[in-house]
Structure formats: structure tokens, C-alpha cells
Amino acid sequence: MNFTIRPATEADFPAILDIIKALALFEKAPDKVTNTVEQMKAEKDYFRCLVAVNDDSVIIAICLYFFAYYTWVGKSLYLDDLYVLEPYRSQGIAAALLKKLIEIARLEKCNRMRWQVLNWNENAFRFYQKFGVTIDDEWVNCDLDRTQIMC
């Protein structure tokens, strides 16, 4: 199958949100998605996204990321989500997206790339290990959601 990787545009936001919802379902948390296309448009300066499109120009995968600053290393690229729709897996799309993102991190002179993997997602662990990543089992996520922030 042929596919193309390109930067997402605002016109892609509805399809990106659909894939985010598919990812949430895969991660057994479909009720956690509160994002909307309108919110994505309002907050578009805070994230970037690569999309993989098939020959019919249908978005079949996303790679959503942003730049961050970590005190120990400085400028970094944070990969928030990389997700390929199920019918298109095992065709090199995820690897192509990750390689493109590594290229972006290199061009942007980032000192680190970071992302998270659910501890039960063995396929993701195997995939990322092919890239030689270091998997850290020391740090635990700490989150405040919008309701907690507004208290």
C-alpha cells in the first residue's frame, strides 16, 4: 500500500479527532476524550501533527507532538500520540512516522524525544525497542484534570 506523510492542516482536524477517539477506544478509555474540533482550532499553536494519507487522501494515521523544555536537558520534542488505524497496521506507516519525527527533532536541535507507552501495550514496546529507545520504569505520571485545576 502506498501512503504519504505530510504535516496536518486545520482542515484535517475532524479526521484527526476521529483517530484520537479510535485511539482512546483502543486504550480502553473512550470517555476520556473531551477535545473538540473547535478546541483544536483555538489551541492549534500548542501542537503539531503529522498525518499519513493513503492514495485516496484519507488520513489513516496520526503523529501528534509538541515541543517542551525539560530542566535537565533543555529543548525536547514530546510525542503525545502515534496511532495507525487497525486496517493499515504492519505496513511500515508507524515506522515512517516515527522516523520523520526523529528527523524533525534532529532539525529542531532537540536534546530529547519523549513519549509514554501503556504498560500493557506489548506491541508498542516491541515496536519502539526496534528504534533503540530507553524505557524508563521509574517515573509515574501525575495529572490534574481541568476540574481539579479550576478548584
Extreme residue, farthest from Arg112 (Cα to Cα), among residues of the stretch 53-84 that are of a type in the set (Asp, Glu) and out of contact with any helix residue (DSSP H, G or I) (no Cβ under 7 Å at 6 or more places or on another chain): Asp56
Residues that are closer than 28 Å to Asn2 by Cβ and part of a loop (DSSP other than H, G, I, E, B), drawn from the stretch 118-131: Asn121, Lys130, Phe131
Test for Gln148: is it in a helix (DSSP H, G or I), closer than 28 Å to Thr34 by Cα and out of contact with any Lys or Arg (no Cβ under 7 Å at 6 or more places or on another chain): yes
Residues that are closer than 18 Å to Ala94 by Cβ and basic (Lys, Arg), drawn from the stretch 1-43: Arg6
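Return the total of residues in the stretch 107-116 being more than 16 Å from Leu50 (Cα to Cα) and either more than 13 Å from the chain's Cα centre (by Cα) or of a type in the set (Gly, Ala, Ser) (or both).
The qualifying residues number 4.
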Output for the stretch 55-78, where each listed residue is polar (S, T, N, Q) and either surrounded by 11 or more Cβ atoms within 10 Å (Cβ to Cβ) or part of a helix (DSSP H, G or I) (or both): Ser76
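Filter the stretch 10-42 down to residues that are among the charged types (D, E, K, R) and in contact (Cβ under 8 Å) with a residue 12 or more places away in the chain, then give me how many there are.
Looking only at that region, the number is 5.
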Residue among Ala8, Ala42, Ala52, Ala24 that is more than 16 Å from Leu85 (Cα to Cα) and surrounded by 15 or more Cβ atoms within 10 Å (Cβ to Cβ): Ala8
Residue count for the stretch 85-104, restricted to those that are buried (at least 19 other Cβ atoms within 10 Å of the Cβ) and either more than 15 Å from the chain's Cα centre (by Cα) or free of Cβ contacts under 8 Å to residues at least 40 places away in the same chain (or both): 2
Any chance Ala52 is of a type in the set (A, V, I, L, M, F, W, C), out of contact with any Pro (no Cβ under 9 Å at 6 or more places or on another chain), over 25 Å from Thr4 (Cα atoms) and in a strand (DSSP E or B): no
Flag for Met113 being more than 17 Å from Ala11 (Cβ to Cβ) and touching a residue at least 24 places away in the same chain (Cβ under 8 Å): yes
Count of the stretch 13-34 residues which are farther than 14 Å from Val58 by Cα and part of a helix (DSSP H, G or I): 10
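Quick note: the coordinates plus some simple rules give every number you see, no bench work behind them. None of the values given here were measured: they were computed from a predicted structure. Using ideal geometry, Cβ is built from the backbone for each residue, glycine included, and neighbour counts are taken over all protein chains shown.
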